[in-house]
Amino acid sequence: MRGWFLIVCLLCWNSNVRADALNEFPSAAANSTPVPWAIESLTKDNAVQAAAFPGGDDVVSVPEDDLSGAAPEALDPPKRAERVSVSTVETSAEPEIDLRPPDFPLDGLWNEVEPSWLNEMIDDHILLWQNVTDSMTTVPRGGTDFGITTLGIKFDLTGNHGPIWLAGYFGWNFLSGPSTAAVPAQTYDLGVELNYSKQLNELWGMCLTVSPLFATDFANNSSDGFRLTAGGLFTFQADDVTRLVAGLSYLDRPDLPFLPIAGLRWAVTDNVEMDILVPTPKLAWRFDQNEDREAWLYTAGEVGGGSWAVERENQLNDRMGYRDLRWVCGVESRQVSGSRRVLEAGYVFDRKISFQRGPGDERPGSTFVVRWGRLY
């Protein structure tokens, strides 16, 4: 009997402890049969939690009395930080203009090099007549009556980063023949060249040049040796691949006073360019490209020659002019600085020697030309 009495006492004590625990923590009974107010409170709590943290698994219970006194904004769910795309951010700063040659990479070593001042307009500029280029050009006499070889040196005086730049040049010409009229063995070109090239807007561009020079054999030091050459060129971008060109070079020569320039430049593809121009038609194909240059093969036509003050027989001061037409094939390397290095050879025809005062005009026969050097 004593044993049964102890068991009954323990069961009564355990029931009292459980009842006290349920009265103190009513939410603990949720796993069995929850009371009605607890169900309503949990439903409201879940709604607030779902709005504030969509997709969350844990539910935090907030008593209804606490929610009733909260400010309206406190009940709003917190906003998530939005991801901002860099491409959609607008800035008031103007974009920097890079004038390096087309398709040139914008990163790497050459991003630290001062860019070329002309981009496509470097080719427009060299359409104007250049009295001397930085090159060696030889038109051999061969079986004809006249030959000429020119060593040219051109040097920057202000740099070629424009839009205005100044260059100096010196040409040394070695002449042979003709048989019907004596010509000096050597003539010289010494001058300066002031250039201006600028893209006026998206459609129009302009290139100007003026070049005073002294061209003589140094036996005739009269005013015959002074010449003032000049030129102007305007371009119009007709579409993405076509540019119209029109201009004039004034040469101040008795045999060739001026030279018109007209036509169009057409980028047939990324690797093929065509100049349908007078007097310098050209077809070029790009076969190589790397970080600091582009390599092109080309075939082209051009006008060659020059004019000098010379002393003839009996100390007669005169002005001699030489002119020819050339069709050449060659390879061209376009540098990041804007210069063009060339190696070419071709056919020379329609040649003419003329004098301003005395007799001796002559038309030598056809021959060939070889040139190596730089254009800019």
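The values are calculated or read from the model by the stated rules, or taken from the named source; none is laboratory data. None of these values were measured; they are calculated from a predicted model. With ideal geometry, Cβ positions are generated from the backbone for all residues, glycine too; neighbour counts draw on all protein chains shown. These area figures cover heavy atoms from the full protein model, side chains too; ligands, DNA and RNA do not enter into them. Shrake-Rupley method; radii C 1.70, N 1.55, O 1.52, S 1.80 Å.
Scanning the range 271-294 for residues that are at pLDDT 90 or above, assigned to a loop (DSSP other than H, G, I, E, B) and farther than 11 Å from Leu127 by Cα turns up just one, Asn271. Counting only residues that are in contact with a helix residue (DSSP H, G or I) (Cβ under 6 Å, 6 or more places away or on another chain) and either within 17 Å of Pro163 (Cβ to Cβ) or surrounded by fewer than 21 Cβ atoms within 10 Å (Cβ to Cβ) (or both), the range 204-232 holds 3 of them.
In the range 140-157, the count of residues that are touching a helix residue (DSSP H, G or I) at 6+ places or on another chain (Cβ under 7 Å) and at pLDDT below 90 is zero. Annotation: of all residues in the range 332-355 being over 30 Å from Trp296 (Cβ atoms) and surrounded by 20 or more Cβ atoms within 10 Å (Cβ to Cβ), the one that is nearest to the chain's Cα centre (by Cα) is Ile353. The strands (runs of 3 or more DSSP E) falling completely within the range 160-249 that include 2 or more residues that are among the β-branched types (Val, Ile, Thr) and in contact (Cβ under 8 Å) with a residue 24 or more places away in the chain map to 186-199, 204-216, 226-237. Evaluate the range 254-262: report whether one residue or more is closer than 17 Å to Gly191 by Cβ, open to solvent by 60 Å² or more (accessible area, probe 1.4 Å), among the aromatic types (Phe, Trp, Tyr) and touching a Phe, Trp or Tyr at 6+ places or on another chain (Cβ under 9 Å). No, because not a single residue in the range 254-262 is closer than 17 Å to Gly191 by Cβ, open to solvent by 60 Å² or more (accessible area, probe 1.4 Å), among the aromatic types (Phe, Trp, Tyr) and touching a Phe, Trp or Tyr at 6+ places or on another chain (Cβ under 9 Å). Got at least one residue in the range 296-306 being over 30 Å from Gly321 (Cβ atoms), touching a Phe, Trp or Tyr at 6+ places or on another chain (Cβ under 9 Å) and either free of Cβ contacts under 8 Å to residues at least 12 places away in the same chain or open to solvent by less than 40 Å² (accessible area, probe 1.4 Å) (or both)? Yes - at least one qualifying residue is present in the range 296-306. Report, by residue number, each residue of the range 356-376 that is assigned to a strand (DSSP E or B), more than 30 Å from Leu194 (Cβ to Cβ) and open to solvent by less than 60 Å² (accessible area, probe 1.4 Å). Answer for the range 356-376, where residues must be assigned to a strand (DSSP E or B), more than 30 Å from Leu194 (Cβ to Cβ) and open to solvent by less than 60 Å² (accessible area, probe 1.4 Å): Glu362, Thr367, Val370.
Within the range 339-355, track down each residue that is in a strand (DSSP E or B), more than 19 Å from Arg312 (Cα to Cα) and not basic (Lys, Arg).
The initial filter retains those residues of the range 339-355 that are in a strand (DSSP E or B), namely 340-355.
Adding the requirement that they be more than 19 Å from Arg312 (Cα to Cα) leaves 340-351.
Within the range 339-355, Val342, Leu343, Glu344, Ala345, Gly346, Tyr347, Val348, Phe349, Asp350 meet the criteria.
For the range 300-314, a residue qualifies if it is among the acidic types (Asp, Glu) and in a strand (DSSP E or B), and the qualifying residues are Glu302, Glu311. Does Gln315 satisfy being surrounded by fewer than 15 Cβ atoms within 10 Å (Cβ to Cβ), polar (S, T, N, Q) and out of contact with any helix residue (DSSP H, G or I) (no Cβ under 9 Å at 6 or more places or on another chain)? Yes.
Is it the case that the range 188-195 has a residue that's more than 27 Å from Asp350 (Cβ to Cβ), out of contact with any Asp or Glu (no Cβ under 8 Å at 6 or more places or on another chain), open to solvent by 10 Å² or more (accessible area, probe 1.4 Å) and of a type in the set (S, T, N, Q)? Among the residues of the range 188-195, not one is more than 27 Å from Asp350 (Cβ to Cβ), out of contact with any Asp or Glu (no Cβ under 8 Å at 6 or more places or on another chain), open to solvent by 10 Å² or more (accessible area, probe 1.4 Å) and of a type in the set (S, T, N, Q), which makes the answer no.
Only one of the listed residues (Val328, Val348, Val336) is of a type in the set (Val, Ile, Thr) and touching a helix residue (DSSP H, G or I) at 6+ places or on another chain (Cβ under 7 Å). That residue is Val336.
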